[in-house]
1. Being open to solvent by 50 Å² or more (accessible area, probe 1.4 Å) and under 22 Å from LYS6 (Cα atoms) is the requirement here; does ASN189 meet it?
2. Go through region 143-185 and give me each residue that's farther than 17 Å from VAL4 by Cβ, in a loop (DSSP other than H, G, I, E, B) and of a type in the set (S, T, N, Q).
3. Under 8 Å by Cβ, and 6 or more places apart or on different chains, what pairs join a residue from region 177-200 that is among the small types (Gly, Ala, Ser) and at pLDDT 80 or above with one that is open to solvent by 80 Å² or more (accessible area, probe 1.4 Å) and outside any loop (DSSP other than H, G, I, E, B)?
4. If a residue has to be exposed (fewer than 14 other Cβ atoms within 10 Å of the Cβ) and on the phi < 0 side of the Ramachandran plot to count, how many in region 149-184 make the cut?
5. Checking ASP201 against (1) more than 22 Å from the chain's Cα centre (by Cα); (2) under 21 Å from ASN23 (Cα atoms): exactly one of these is not met. Which one?
Amino acid sequence: MIAVMKFASESPKINLFSSLEGNKVYFIFENSLIFIGNNISCNDSYEIETIIENKKLKGKFYFGNEEVINKTGCVTNNYIYIENYGGIYNPDYKNIKYNITYNNFLEIYFAHGKNISNEAYKYFKFPNVNESDLETYVNNIQVLSDNSKITVVKNKLKNIIEIVFWEEGSFDKIKVDKPCTMILCENENEFYISDPSQLNDYINVTIRNNNYQEN
C-alpha cells in the first residue's frame, strides 16, 4: 500500500497560518513501513520537527547493542530497538533526538530546525521484529529514488516496487504523464495505479514499451 500527503499548514477556522509545506509518503509492505519526506520548507520562527515515534515504553530500548540510560539526548546509531514493540532503522541519524517524559513516554523525532528549506528525512519501522532479525529486514528494503519528483522503494524479497510520481516523469522503463502512485509486482507481471488527487480523468502509462490508459 502507498499513502501520500502533500501538505500546507493553514487552518483559517482556528486562525492558523504557516509557511510550512512538504511531501510525505508512506510505503507499506506487510510488516515493513517506510516513511519518506522531502521538499520540507518553512520560514516561520518556530522549530520544525518530524515525529518518528511517540509511545509508552514497556521495557528497555537500545541504540544498536547499547541500552539507552539517559532520559534525553541524541540518537547515536542507525538501529533502534524497543522491547515489546520492534525496530526502527534510520539511514541518517545526525539530526534525530529522543526524550522520555515523566510518565515514561518515549518520543523520537527529527529536529529540522528553524527557517528550513528543502529538508528531507527517511526512516523504516518493523513492528514485532526481533532484535536479531532487524538487520535482515532492513537489507530487504531498497530506496531506489528519493527526491521531490519521484520517490521509489523496492521490497527485494517480494520483488515489489512502489512508486510516487510527484509530477509527470519516468523511472527505469516506466513513464507517466500525470502525478500518480504505482505498485509494480514484478513476479506476477502486474501493476496498480492510483491518482491521489482524484482530479485527473485518465493517466497515460508506458511500461517496458507497453502503453496503457488508466481511468
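The values are calculated or read from the model by the stated rules, or taken from the named source; none is laboratory data. If you're wondering where the values come from, they're calculated on a predicted model, not measured in any experiment. Reconstructed Cβ throughout: ideal geometry from the backbone, glycine too, with neighbour counts over all protein chains shown. In case anyone asks, the SASA skips ligands and DNA or RNA and just uses the protein heavy atoms, side chains included. Shrake-Rupley method; radii C 1.70, N 1.55, O 1.52, S 1.80 Å.
1. no
2. ASN159
3. Matching pairs, first to second residue: none at all.
4. Residues that pass the stated criteria total 4.
5. For ASP201, the exception is condition (2).
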